[in-house]
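The next block holds one structure in the form of structure tokens; read it before the comments.
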Amino acid sequence: MSRFWSAVTHGLTPYVPGEQPKIDNLVKLNTNEHPYGPSPRVIEAIQAAASDALRLYPDPNADRLKLALAARHGVRPDQVFVGNGSDEVLAHAFLGLLKHELPLWMPDISYSFYPVYCGLYEIAHRIIPLTEDFTLRVEDYLPQGERRAGAIIFPNPNAPTGRLLPLEAVERIVAGNPEAVVLVDEAYVDFGGDSAIPLVDRYPNLLVVHTFSKSRSLAGLRVGFAIGHADLIAGLERVKNSFNSYPLDRLAIAGAVASVEDEAYFQQSCRKVIASREALSTQMTELGFDVLPSAANFIFARHPSRDGAELAAALRQRAIIVRHFKAARIDQFLRITVGTDEQCAALVTALRKIL
Ligand code: PMP
């Protein structure tokens, strides 16, 4: 093998995704999927579309989905970009930042894919620690003298902490950096945050990224989207078409459109997860855990006297998988996806035995 090829590929630090176990009967609380299935209308729409969707090539522009999302979010279709999962949307957005002379700013701790993209695309970046209580301090994201950001990215609610930044704080960051693109990754916002989408008409530097994987229970369908100023969206389309990335397939579009059209199911299933999250947080607190306030479909918790890795391993022995990160500052925490009531009860019962 070429020495150059080995040097480049060995130099990469790939993302480590959460485990997708091969065994069926595990209580799977490790990758933040929605515990309830998508709207029944999604399944019907996919079934009805299947024959043509498989026979025909995909629609390269995903017009139906852009129209549905534009109507749902009160924007124009040319303000909507869609991709195969929000990871792909983010990948294209990062490519758009290539060769920017100013760095991309991001928090530590946050979604671990961001530094991976920076490494892959050699994007200069600056990592800004969260405060002691894992909040993002707005002042840290405002230009100071010569120090300016080329772009800023953060999840809101943050992952894996679940902590929410109020919308007025998001707006201060966006307004304070008019020269920088501000990417707000709202993968979990439907579980308790106010979306920044209503701000896009006022701030041409704001790009809000969403996914169908969490609140719409469609992680397997691979659908994500971004909403922003039409110029930002046009830039993303140019990146996508230069990359020749694969368009969303027709099954994904049929399912995603049906999901957007069933607002009642969406609202009700999110409300259920929020109620279960609150109940689980209370129970975990009663078990002695420090539980961070969460606006997401997971909780982030540590026990003052029990090691995080050991707890994760002990749960695993009882067929329950949760996420444990070996990273600095958070290696005592467990990130636990809010499951069905039965799954949450199984978790609490197991923890009672372990502790
Ligand atoms: N952003 C955040 C903050 C996430 O946690 C995830 C899920 N791992 C994603 C984006 C990507 O989700 P998807 O590609 O399934 O849309």
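The values are calculated or read from the model by the stated rules, or taken from the named source; none is laboratory data. Here the structure is a predicted model, which is why all the values come from computation and not from measurement. Counting neighbours? That spans all protein chains shown, and the Cβs are built from the backbone with ideal geometry, glycine included.
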As an exercise: evaluate R55 against (1) under 29 Å from S110 (Cβ atoms); (2) loosely packed, with under 13 Cβ neighbours inside 10 Å and give the number of the one condition it does not meet. (1)
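Determine which member of the set S213, S217, S245 is of a type in the set (S, T, Y), within 11 Å of the ligand (Cβ to nearest atom) and part of a loop (DSSP other than H, G, I, E, B). Before the answer, list the steps.
Details: S217 fails: within 11 Å of the ligand (Cβ to nearest atom); S245 fails: within 11 Å of the ligand (Cβ to nearest atom).
The conditions single out S213.
Kindly establish whether K240 is basic (K, R) and modelled with pLDDT of 95 or more.
Against the criterion (basic (K, R) and modelled with pLDDT of 95 or more), K240 does not qualify.
Scan the range 267-274 and give yes if some residue there is assigned to a helix (DSSP H, G or I), small (G, A, S) and touching a residue at least 40 places away in the same chain (Cβ under 8 Å), otherwise no.
Step one: list which residues in the range 267-274 are assigned to a helix (DSSP H, G or I), which gives 267-274.
Retained after the next criterion (residues that are small (G, A, S)): 269.
Subsequent filtering for residues that are touching a residue at least 40 places away in the same chain (Cβ under 8 Å) retains 269.
Yes; the residues of the range 267-274 include at least one that is assigned to a helix (DSSP H, G or I), small (G, A, S) and touching a residue at least 40 places away in the same chain (Cβ under 8 Å).
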Considering only residues that are in contact (Cβ under 8 Å) with a residue 40 or more places away in the chain, within 28 Å of I320 (Cα to Cα) and more than 16 Å from the ligand (Cβ to nearest atom), which ones fall in the range 4-22? P21
Can you spot a residue in the range 53-71 that is within 20 Å of the chain's Cα centre (by Cα) and farther than 30 Å from L236 by Cα? no
Among residues of the range 77-104, those that are more than 12 Å from the ligand (Cβ to nearest atom), of a type in the set (A, V, I, L, M), surrounded by 15 or more Cβ atoms within 10 Å (Cβ to Cβ) and not in a helix (DSSP H, G or I), counted: 4
Selection within the range 270-290 - buried (at least 21 other Cβ atoms within 10 Å of the Cβ) and either of a type in the set (A, V, I, L, M) or under 15 Å from N32 (Cα atoms) (or both): V273, R277, L280, M284
Please enumerate the residues belonging to the range 98-127 that are of a type in the set (A, V, I, L, M) and within 19 Å of the chain's Cα centre (by Cα). L104, M106, I109, V116, I127
Using the structure shown, decide if D190 is crowded, with 21+ Cβ neighbours inside 10 Å, closer than 30 Å to I46 by Cα and away from the ligand (no atom under 12 Å from the Cβ). yes
What's the number of the condition G74 fails, among (1) touching a helix residue (DSSP H, G or I) at 6+ places or on another chain (Cβ under 8 Å); (2) within 16 Å of the ligand (Cβ to nearest atom); (3) of a type in the set (G, A, S)? (2)
